[in-house]
Amino acid sequence: MAICDASIAAYETKYHYNFWRPLTAIWGGGIDDNKWTDPDGGWFPLIATPAFPSYPSAHATLSGSARTVLERTLGNHGHTITLANPRLPGVVLTYNDWKQICDDIDDARIYGGIHFRFEQEAGARQGREVGHYILDTYLRPAQE
């Protein structure tokens, strides 16, 4: 429920702000009225650039909402989560809290070249707000 609502919030926000992605910003460094930036038409991201606006990061918004719900319902610590993929033999990711997963999601989007750090931070904030709203409004404890 939180992830679904976070997706709606993220995409409404993306189209409200209509912010450019790193590829457009880097290639257009000469048209941004900033004397400290120069265009670099030879730069390409590691991840294919999505065909919709950048701000905020939807991955950060969705994972932030999930993290908020999971932390309140299952706690922050005391978990071990292991992720593996048969297409990537030998790559195993092990996490001990929800924040570690969200940090990896954020870094992957930045290092992949499709988001700026501030977009990840804004998405995480938006996700937390959606998660709190869902918890406070819909996923309340059952009455005894």
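No value in this document is a laboratory result; all are computed from the given coordinates. Because the structure is a prediction, the values reported are computed rather than measured. Positions of Cβ are backbone-derived with ideal geometry, glycine not excepted, and every protein chain shown enters the neighbour counts.
Numerical summary
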quantity: Subset of the stretch 109-128 that is out of contact with any helix residue (DSSP H, G or I) (no Cβ under 8 Å at 6 or more places or on another chain) and not hydroxyl-bearing (Ser, Thr, Tyr) - its residue that is surrounded by the fewest Cβ atoms within 10 Å (Cβ to Cβ); calculated: Phe118
quantity: The stretch 105-118, residues that are assigned to a helix (DSSP H, G or I) and over 8 Å from the mean Cα position of the chain (by Cα); calculated: Asp107, Ala108, Ile110, Tyr111, Arg117, Phe118
quantity: Matching entry among Trp27, Trp36, Trp43, Trp20 (being aromatic (Phe, Trp, Tyr) and without any contact (Cβ under 8 Å) to a residue 12 or more places away in the chain); calculated: Trp36
quantity: Failed item in (1) in contact (Cβ under 8 Å) with a residue 12 or more places away in the chain; (2) closer than 30 Å to Leu139 by Cα; (3) in a helix (DSSP H, G or I), with Tyr55 passing the rest; calculated: (3)
quantity: Leading residue by the ranking (nearest to the chain's Cα centre (by Cα)) among those in the stretch 64-80 that are of a type outside the set (S, T, N, Q) and not in a loop (DSSP other than H, G, I, E, B); calculated: Gly64
quantity: Test: residue in the stretch 63-80 that is within 24 Å of Trp20 (Cβ to Cβ) and surrounded by 22 or more Cβ atoms within 10 Å (Cβ to Cβ); calculated: yes
quantity: Among (1) among the hydrophobic types (A, V, I, L, M, F, W, C); (2) closer than 26 Å to Pro141 by Cα; (3) touching a strand residue (DSSP E or B) at 6+ places or on another chain (Cβ under 9 Å) - the single one Val92 does not satisfy; calculated: (2)
quantity: Residues of the stretch 72-89 satisfying the condition of being of a type in the set (Gly, Ala, Ser) and over 30 Å from Arg140 (Cβ atoms); calculated: Ala84
quantity: Filtered residues of the stretch 15-48 (kept if of a type outside the set (Phe, Trp, Tyr), under 30 Å from Met1 (Cβ atoms) and either in contact with a helix residue (DSSP H, G or I) (Cβ under 6 Å, 6 or more places away or on another chain) or not in a loop (DSSP other than H, G, I, E, B) (or both)); calculated: His16
quantity: Scope the stretch 120-144; condition without any contact (Cβ under 8 Å) to a residue 60 or more places away in the chain and not in a helix (DSSP H, G or I); matching residues; calculated: Arg140, Pro141, Ala142, Gln143, Glu144
